[in-house]
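Derivation of every value follows stated rules applied to the coordinates shown; laboratory data play no part. Since the structure is predicted, the reported quantities are computational estimates derived from the model, not experimental observations. We place every Cβ from the backbone using ideal geometry, glycine too, and count neighbours over all the protein chains shown.
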Amino acid sequence: MAINKVAVIGAGVMGAAIAAQLTNAGVPVYLLDIVPEQATNRNIVAETAIQKLLKAEPAAFMHKNNARLITPGNIEDHLSLLADVDWVIEAIVEKPQVKQALYKKLVAVCHKDCVISSNTSTLPLSVLVDGLPESFAAQFMITHFFNPPRYMRLLELVTSPKTRPELISTVQHFADIALGKNCVLCKDTPGFIANRIGIFWLQCGILEAIELGLTVEQADNIIAAPFGIPKTGIFGLLDLIGLDLIPPILSSMTRALPAEDAFQPISQLPTRIQDMIAAGLTGRKGKGGFYRLNAERIKESIDLNTGEYSASHKPKTIKETNLQAVLSSSDKESQYAWRVLSKTLAYTASLVPEIADDIVTIDAAMRDGYNWTLGPFELLDQIGVDWFVEKLQAEQRLVPPLLWKKQALYLVNSGQLHFATLTGLYQPIRRDPGLLTLVDMKRQHSSLLSNDSASLWDIGDGVACLEFHSKMNTLDMDSMALIRQSIDKVKNAFTALVIHNEGEHFSAGANLGLLVQAIHNQDWAAVEQLIIQGQQTYKALKYAPFPVVAAPSGLALGGGCEILLHCDAVQAHAELYMGLVEVGVGLIPGWGGCKEYLRRWLMFPKLPKGPIPPVVKAFETIGLAKVSKSAVEAKELLFLSHTDGITMNKSRLLADAKRKALSLCNNYTPPQPCVYALPGKTAEVLLGMSTRSLHAQGKATPYDLTIAAQLAYVLSGGDCDMTEPLSEDDMLALELNAFVTLVKQPNTLARLEHMLKTGKPLRN
Ligand code: NAI
């Protein structure tokens, strides 16, 4: 069974965005909603939703053309269309009677192999199927997406014993491969897994902050980075979710959970927050929440006692990494962290096996549903289970049976990760055979090569994997050295190389700190060396006698983008933000980026004839520092080639890249060097005119013109003309020259320093 066409019913916040993610997977979707009273356009709700999706931030569509895959409609006129869909996702109001009334209509139109699912976040499956025919229960399940569905990786799947197994596996497979979700099978318990824990955690966070008299900033500062929790913390996250969504979830959980559940005593929303909701202070989508920007766009925060807003003061980031120290110091923040986390983690431990059979499932749900770096049990291991239990005992608190043995929850045995079960015995974690992770590899083998910035690993079947692991995976001379050593190693002992890491970002580009240091020392020879080493290293990679496939995810900027341009192929994660952004720091791409990117446009068949259009295209993209907002956009910008692959599920990226590398091994020959027949002065003049016009419109600063002039000179081929073709080395020499010229300008230094200090470009 395959999913070729889907219908989403309910074009609200979730339904519309789920429809967008389906189109990102290339699947056509019907999006149906109600017909509003007296509407002249009966599809108005769904049509408006699509218009909103096109403007959503962060973007819901990976490419705006995907919107064309959605057919808007309404449930009065278009239900018959559902006869040929393979999956109907219901995402309407959270009212069982309304949902059931819709299901009864679906039974009449959907074919028997069509999956029908609800996106409910609080209603049990048993309630939803109650009173409906057996045949409906056989095709029904809950598919609970997290908001925003494009970016949140968790999909909670709840089924009943009546749900047909082949329909469950069809959805699991589709959600994993096509939608890129990590699908977690949940039991039919209130809030399923992630919200059962997440809502408990948020409630604890609110109540304890009020009790201890913490500011929202203090609370969000401590329940964040030290514990691998996103920097939104508790209150920032509530603002993001929308405060108004919390009361219905709380009351539904209060109703559904037994009286003795530890959630009951903390289930009341404080009056302060009820008042905020009543006043429209529902968070980012409302008039502000715990935080807001005032009329002068200054960030303010609310006083939890008085409800007054005043300028927000961010406390100092906590640098302490010893979690026991963070949790046991006597200050108020530490007491807060201990109270919130001890309650949350003990509660979570008490929920095995009620909400999931094992701790691995719960950890996965919290990582993917709440973006925690570590799941609750991984966090407990990080804190130290014995220390945690002893502290609970010292406070005469109940210790959940799972923790009675005071032993680690995960351990590595014979190179394989095992998890603790309720019996105290450990079981190996079984991975899907299609999955390959560096983390697992590292448990089995030591690295082949390694330094501070990068390492080389054996990932089996004759393939090696080069991993960057500096901060933000920035590239420095250590990275370059390891690339060169890896080329030698792979040449002698492997058949192919994959470049991949499991960080959030592939690479933020060159390490600018080193460059700034060289500029301060006026050490121009060092700057030249930095460029030449990078150019030669990337060139060696390009012409290595074996296939090189990169597998990037997240940011691939500047030097991180340039290395990808030199690979034989890329297997990209769908979430790839790739670009040559050097102009933002007063530079041009200098590690072969201009040369390789221009080559792509020179070979692009769909441009008007002649040497100028490719130069103009490359100039526009680099000059405007365009960054793709997805891998599909990276293809459109020619950062990726049309034969490069895209993987929706990040967990599958390395395995897919390895497969691609192996497919290139047969009779592999390195690429032919490119010859550049460029227009020279004519193009340079033309590009100069276009940037001056941007300047005249106020869209370019005077210093932008200086950088653009250098970029135009390089991309036009310098002082050549069409009759004097340039070699790749000639192009590299032009890049080097322009780079060194710009580096000597004070405005470039100012841009570099500003970027290092603020993370944002300076428009000087
Ligand atoms: P919403 O209020 O934004 O959208 C609901 C949509 O359903 C509206 O456009 C409404 O006109 C339409 N609708 C109502 N009755 C209908 C009917 N009989 N037939 C067709 N359309 C109908 O709601 P939201 O937030 O998108 O929630 C939808 C579902 O997703 C709910 O079950 C909710 O619990 C769940 N959910 C919501 C999340 C969130 O963050 N908002 C997260 C995860 C799940």
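Brief remarks on what is shown
- Within the chain, percent of DSSP bridges classed antiparallel, to nearest 5: 40 percent
- Spatially close lysines, pair count over segment 1-150: Cα under 18 Å, gap of eight or more or interchain: 6
- Alpha carbon centroid spacing (whole Å) that separates segment 5-52 from segment 660-730: 44 Å
- Volume per residue that the Cα convex hull of segment 681-758 spans, once the total is divided by residue count, Å³: 91 Å³
- Using θ = phi - 60° in the Karplus curve 6.51 cos²θ - 1.76 cosθ + 1.60, the 3J(HN,Hα) couplings for segment 248-263 round to x, 5, 4, 6, 5, 5, 4, 5, 7, 8, x, 4, 8, 5, 5, 6 Hz; x is entered for Gly and Pro.
- Placing +1 on the Cβ of every Lys and Arg and -1 on the Cβ of every Asp and Glu, with nothing else charged, gives segment 28-156 a dipole about its Cα centre of roughly 380 debye.
- Prolate/oblate/rounded label for segment 256-326 (Cα gyration tensor, a/c 1.5): oblate
- Cα gyration tensor category, rounded, prolate or oblate, for segment 100-204 with a/c compared to 1.5: oblate
- When the alpha carbon coordinates of segment 506-656 are projected onto the principal axes, the ranges are 45, 42, 32 Å, largest first.
- Candidate lysines for bridging to LYS660, where Cα separation is under 17 Å - those fewer than 8 sequence places away on the same chain excluded: LYS542, LYS650
- Unmatched cysteines, the chain - criterion: no other Cβ of a Cys under 4.7 angstrom: CYS183, CYS186, CYS204, CYS465, CYS561, CYS567, CYS594, CYS665, CYS674, CYS720
- Percentage of interatomic Cα-Cα distances in the chain larger than 44 Å: 33 percent
- Taking amide H positions as modeled 1.01 Å from N, with prolines and chain starts lacking one, the residues under 5 Å from GLY180 and 5 or more places away or on another chain are ASN649.
- Note on LYS406: aspartates and glutamates with a C-alpha under 12 Å away, same-chain residues under 8 apart excluded, are ASP381, ASP386, GLU390.
- Residue-by-residue Karplus 3J(HN,Hα) for segment 407-423, coefficients 6.51, -1.76, 1.60, Hz, glycine and proline x: 10, 4, 8, 10, 8, 9, 10, 6, x, 10, 6, 10, 10, 7, 10, 4, 6
- Anchor LYS757: aspartates and glutamates whose Cα lies under 17 Å away (excluding residues fewer than 8 positions away in-chain): GLU582
- Using just its DSSP H runs of length 4 or more, each adding -39500 (n - 2.57), the chain gives a mean residue ellipticity at 222 nm of -13000 deg cm²/dmol after division by all residues.
- The Rg/Rh ratio of segment 194-420, with Rg taken over Cα atoms and Rh as the Kirkwood radius over Cα pairs, comes to 0.97.
- Gyration tensor (alpha-carbon) shape descriptor, segment 6-186, a/c threshold 1.5: oblate
- The C-alpha atoms of the chain define a longest principal axis, and helix 96-109 lies at about 70 degrees to it.
- Residue-wise HN-Hα coupling along segment 665-674, computed from phi with Karplus coefficients 6.51, -1.76, 1.60 (Hz; x: Gly, Pro): 6, 4, 6, 5, 10, x, x, 6, x, 8
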